[in-house]
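All of the numbers you see were taken from the coordinates with simple rules; none came from a lab. Note that the coordinates shown come from a computational prediction; the quantities given were computed from them, not determined experimentally. Neighbour counts are summed over all protein chains in view; Cβ atoms, including those assigned to glycine, are modelled from backbone coordinates with ideal geometry.
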Amino acid sequence: MASYLNVSLVGMPGVGKSTVGVLLAKRLAWGFLDTDVMIQVIEERSLRDIIYTEGLERLAHIEQRHVLALDRRECVIAAGCTVVYGPAAMEHLKSLGLVVHLDLPLSILEQRLAGLNGHGPVFSPGQTLHGIYQQRSPLYRHYAGVAVDCADLTQEEIVDEIVKLMG
């Protein structure tokens with residue numbers, strides 16, 4: 001296996017970054033960090049509160065600041081969805097190791113998120129899943145070192161694919 005310091009998972013809300021990240025960390029016997037959880041702990045408020053009171057751009061700024069402070073080794077990082085708006089944060093994740101884009105078609109994301117009954121991702125007023133998918137997908141493809149098409153794979157198969165990509 002190639003020697004990577006870390007693996008960062010990026011992708012749309014609902015793609016499974018946190019779930020796959022925990023499974024991958026267990027497989028590799030590495031640590032796991034969910035940047036959404038980290039931000040909520042450090043900021044002492046929920047992402048929902050940040051978005052509703054200060055907006056999505058402010059959340060992206062906060063996320064970039066915290067991601068730029070990361071200095072981990074042998075860690076799977078589930079990066080928050082807005083990290084892709086911060087070029088410096090994405091370059092930092094790349095400097096820390098392999099960045100993997102977990103990719104799913106919009107139709108599958110819509111099905112997954114519909115079943116969350118309001119407990120899923122928070123959007124800014126007027127924002128839609130389709131709109132952010134159109135906006136973020138090219139950015140994920142641009143910054144990620146590799147991509148995994150997760151459409152027909154189980155979580156364990158996604159982990160297998162990532163381990164293969166690690167060499």
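The alpha carbon gyration tensor of segment 125-167 gives principal lengths a ≥ b ≥ c with a/c of 1.5 or higher and a/b no greater than b/c, which makes the shape oblate.
Fully extending the segment from Q134 to R58, taken as 0.36 nm per residue of separation minus the present Cα-Cα distance, adds 25.3 nm.
Look at the dipole of the chain built from charges on Cβ: of L70, L23, Y133, the Cα furthest out on the positive end belongs to L70.
With helices as the sole contributors, the chain gives -15500 deg cm²/dmol at 222 nm; each DSSP H run of n ≥ 4 counts as -39500 (n - 2.57), and the sum is divided by every residue.
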